[in-house]
1. Give me the tail of P(r) for the chain as a percent: Cα-Cα pairs with distance above 21 Å.
2. Add +1 for every Lys or Arg and -1 for every Asp or Glu among the other residues with Cβ under 13 Å from the Cβ of Asp40, and state the total.
3. Name the most mobile residue of Leu47, Leu36, Leu15, meaning the one with the largest mean-square fluctuation, in a Gaussian network model of the chain with Cα contacts below 10 Å.
4. Describe numerically, in nm with one decimal, the distance between label points set 7 Å from Cα along Cα→Cβ at Ala54 and at Phe42.
5. Output the 0 to 90 degree angle, nearest 10, between the alpha-carbon long axis of helix 9-19 and the longest principal axis computed from the alpha carbons of the chain.
Amino acid sequence: MTTTTDLSYRDRAVLRAVAAGRCTVSAIGVLSVDGLGCCDQFVGRRLTNAGLIAARPGPAHLTATGRALIEAA
């Protein structure tokens, strides 16, 4: 299980942006924040693989685990 100490500052910032409804996922899995491609091309996939983001095309959403980590941070 991922803990808050396993997350970088960027990871936590992206999770906060997802929680705020500022992120979308394209049909090919690219994460955008405020309509711009994320500067870390791997962060979306990394957070999705960790089970923190439910990344289907469209708005990105936190999973229950992702919400718990943000609340704990």
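FYI, it's all coordinate maths here, none of it is from the lab. What you see is a predicted model; the values in this text were computed from it and never measured. Methodologically, a virtual Cβ is constructed for each residue, glycine included, from the backbone with ideal geometry; neighbour enumeration extends over all protein chains shown.
1. Summing the P(r) tail past 21 Å for the chain gives 13 percent.
2. +3
3. Comparing Leu47, Leu36, Leu15 in the GNM, the peak value goes to Leu36.
4. In this crude spin-label approximation the distance works out to 2.7 nm.
5. Computed tilt is about 70 degrees.
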